[in-house]
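> One structure, as structure tokens, below. Some questions next.
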Amino acid sequence: MTGKSAQVRLEKLGAYPFERLKKLFSAFTPNPALDHIDAGAGEPRLPLPEFVQDTLLANISGFSKYPATRGNATLLQAIADWLKRRYGLLNIDPSTQVLTANGTREALFTIAHALVNPDADTKPYVMMPNPMYQIYYGAAVTAGAEPYLLPCVAAHDFAPVLDDVSAETWENTAFVYVCSPSNPTGWIAGRDYYARLLELADQYDFYIVADECYSEIYWQDKPLGLLEVAQSLGRNDFNRCLVMNSLSKRSALPGLRSGFIAGDASLIARFAKLRSYTGPGTPMPLQHVAAKAWSDEVHVQSHLQVYRSSLKAFFDIWGRGSIPSGSFFVWLPVENDEAFAIASYEQQAITLLPGSYLGAEDNDGSNAGSGFVRLALVDGVEKAAELAVRLKKVRV
Ligand SMILES: Cc1ncc(COP(=O)(O)O)c(C=O)c1O
């Protein structure tokens, strides 16, 4: 890089998908005869869990204090207890192996800056699925790494393909992002996938960062977690592993901005050091709400039923394809994703996301997200059914 400005790195980043969508739609008008259905953003729109208001009010005086950056002891313990219950972990120390963050987005971004050496002789790779949650790409680029795209295609059940990566590339990899369950494809990492990645991580000396924020939204089998697989392989210290999760999807509390990062204590310490400079703590009253949310599964189960019923309602009417293994997204094949998004908006007042906006261009100019649109079924069962009815009428 030449010059002293970060402009060069920032120019490598395109506009964020929702900015692109706004621009795309600015020249079109949604059908005025219909209510708008927003299936674009992955923002759960379910009722607030009951405990939120009472817990917030009971702890409201906490707004007069600076919050602890690492997270208060009650919240850290609640997260560690949840990890033990959910994944059968024998041991996870809340004081060294868990840290809170203001949602996973922040943690997913910051971690690249803790794991990549921007001064390395050869620019390190950060691997990520393609298509992907765009934060991975932005984090890799701004941290001074080269994004390395692992294509996720139907022929491989949308698993990010590892086998085509050369030894030289692995040698130069700082870390790998895994998204399981995946936004946008719904793929879930199995035991063998994580085990293979761990083997490669040992062989080539890199780290694994698993974004598991859709872990509680699944069609049949509860998704495995990276820490659980690590433990089953005898890695009780979770060496090289970090996982991230939040209350945004599980508890339908995206506005709470509360999540965590957990795993390898030495990596957590690195992250904590960086975050003591960059990250504000989550406000104390919100940390109390978060501790409650990690300790209650009743509201999570009731959300899960809504997501499952919504997916079923959609596919019963749509009549093609199959329900994704995980997440509340439908990754729908179409001929031309931008044209389909525009037609859906104009003809049926539906907002959805062109898949190419979630992909990045590979070296050959192809984009693994092209030819798909992403629908977020976050508005309940009736809207999901209505969405399928209206989409069937879209003509490009
Ligand atoms: C795959 C994925 N990871 C992380 C996030 C960030 O969620 P939050 O910061 O609310 O935890 C999202 C949000 O849409 C997501 O889809």
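Each reported figure results from applying straightforward, stated rules to the coordinates on display, with no laboratory input. Every value quoted in this text rests on a predicted model; they were computed, and no experiment measured them. With ideal geometry, Cβ positions are generated from the backbone for all residues, glycine too; neighbour counts draw on all protein chains shown.
> Taking the Cβ-Cβ separation of LEU57 and GLN305 as r and a Förster radius of 35 Å, what is the calculated FRET efficiency to the nearest 0.05?
Taking R0 as 35 Å, the efficiency between LEU57 and GLN305 is 0.80.
> Among the aspartates and glutamates, select those whose C-alpha is under 20 Å from the C-alpha of LYS84, and discard any that sit fewer than 8 residues away in the same chain.
Filter leaves ASP93, ASP211, GLU212, GLU216, ASP221, GLU228, ASP237, ASP264, ASP296, GLU297.
> Cross-link candidates for LYS123: which lysines have Cα within less than 29 Å, leaving aside residues fewer than 8 places away along the same chain?
LYS4, LYS12, LYS273
> Using the 10 angstrom Cβ neighbour count as an exposure proxy, how do LYS383, LYS12 rank, fewest first?
Working: LYS383 18, LYS12 13.
Arranged by neighbour count, lowest to highest, LYS383, LYS12 become LYS12, LYS383.
> Check which residues have an amide H placed less than 5 Å from TYR207's amide H, if you skip close sequence neighbours.
Here PHE175, VAL176 satisfy the definition.
> According to a simple spin-label model (label point 7 Å from Cα along Cα-to-Cβ), what is the distance in nm between SER5 and ARG20?
It is 2.4 nm.
> For ALA167 and TYR277 in one chain, what is 0.36 nm times their gap in residues minus the Cα-Cα distance, to one decimal in nm?
Working: separation 110, 0.36 × 110 = 39.60 nm, distance 3.56 nm.
The ALA167-TYR277 span can extend by a further 36.0 nm.
> Which order do GLU386, GLU346 fall in if you start with the one that has the fewest other Cβ atoms within 10 Å? Before the final figure, lay out each step's value.
Values: GLU386 20, GLU346 15.
If I rank by nearby Cβ atoms, fewest first, I get GLU346, GLU386.
> Please list the non-local residues whose amide H lies under 5 Å from the amide H of ALA159, H modeled 1.01 Å from N, same-chain partners needing a gap of 5 or more.
VAL153
> Extension gain GLU382-ASP316, at 0.36 nm per residue separation less the Cα-Cα distance, in nm? Numbers along the way, then the final one.
On the way: separation 66, 0.36 × 66 = 23.76 nm, distance 1.26 nm.
Taking GLU382 through ASP316 to full extension adds about 22.5 nm, to one decimal.
> Report, in deg cm²/dmol and to the nearest 500, the calculated mean residue ellipticity at 222 nm for the chain, where each DSSP H run with n ≥ 4 adds -39500 (n - 2.57) and the sum is divided by the residue count. Don't jump to the answer; show the numbers that get you there.
Numbers: 15 runs with 156 residues, N = 396.
Helices in the chain give a 222 nm mean residue ellipticity of -11500 deg cm²/dmol.
> Could I ask something else about it? Just list whichever of LYS312/LYS383; LYS222/LYS383; LYS312/LYS392; LYS222/LYS249 have alpha carbons separated by over 19 Å in the model shown. Display every interim value, and only then the final one.
Working: LYS312/LYS383 12 Å; LYS222/LYS383 25 Å; LYS312/LYS392 16 Å; LYS222/LYS249 15 Å.
Pairs exceeding the cut-off: LYS222/LYS383.
> Another question, if that's okay. Note down the magnitude of the dipole of the stretch 65-296 about its Cα centre, charges +1 on Lys and Arg C-beta and -1 on Asp and Glu C-beta and zero elsewhere, to the nearest 20 debye.
Details: 19 positive and 23 negative charges, 241 e Å.
Dipole of the stretch 65-296, to the nearest 20 debye: 1160 debye.
> Consider a paramagnetic label point 7 Å from the Cα of ALA154 along Cα→Cβ; state which residues of the stretch 314-355 have an amide N under 11 Å from it.
Answer for this model: 321-322, 332-335.
> Find how much the distance from ARG85 to THR29 grows on full extension, using 0.36 nm per residue of separation minus their present alpha carbon separation; answer in nm with one decimal.
Difference between extended and current length: 15.3 nm.
> Along Cα→Cβ, 7 Å out, is where each label goes; now give me the distance between the ones at ASP205 and ASN336 in nm to one decimal.
The answer from the label model is 5.0 nm.
> Also, quick follow-up: Cut-off is 10 Å between beta-carbons; in what order do ASP202, ASP192, ASP337 appear when sorted fewest neighbours first? Walk me through the numbers before you get to the answer.
Numbers: ASP202 12, ASP192 9, ASP337 25.
In order of increasing Cβ crowding within 10 Å: ASP192, ASP202, ASP337.
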